[in-house]
Amino acid sequence: MNKGELIDAVASAADVNKVKAARILNAFIEAVTDALKSGDTVTLVGFGTFAVTDRPARTGRNPQTGAKLKIPPAKKPGFKAGAHLKKAVN
């Protein structure tokens, strides 16, 4: 399912037009992004948790030359599924 199909599904389930569903979905994405940027986690009980984890610096290898290179530390957004979502999928 892509974003357009998700907007269609939300519009149908919430009985709103596609424009309003798109605004709702975009607002949700923006709110989650802003929360993660500020270091917060977003927990939707039963669905899952969006959080940022720190990835430490490490040494990598250039696959073309074989030369070692330093990969800097980074923050990685992630999602952990909740109990109801796991149960629904299985």
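Applying the condition of being part of a loop (DSSP other than H, G, I, E, B) and of a type in the set (Gly, Ala, Ser) to segment 18-76 and asking which residue is surrounded by the most Cβ atoms within 10 Å (Cβ to Cβ) yields 46.
So, in segment 77-90, how many residues would count as being out of contact with any Phe, Trp or Tyr (no Cβ under 9 Å at 6 or more places or on another chain) and not in a helix (DSSP H, G or I)? Matching residues across segment 77-90 total 1. Which pairs turn up if I take residues in segment 47-75 that are outside the structural domain of residue 29 (by TED's automatic domain parsing) and over 30 Å from residue 90 (Cβ atoms) and look for partners that are hydroxyl-bearing (Ser, Thr, Tyr) and assigned to a strand (DSSP E or B) with beta carbon separation below 8 Å, at least 6 apart in sequence or on another chain? These pairs meet every condition: 68/59; 69/59; 70/59; 71/59; 75/53.
The values are calculated or read from the model by the stated rules, or taken from the named source; none is laboratory data. All values derive from a computational prediction rather than experimental measurement. Cβ sites come from the backbone with ideal geometry, for glycine too, and all protein chains shown count toward neighbours.
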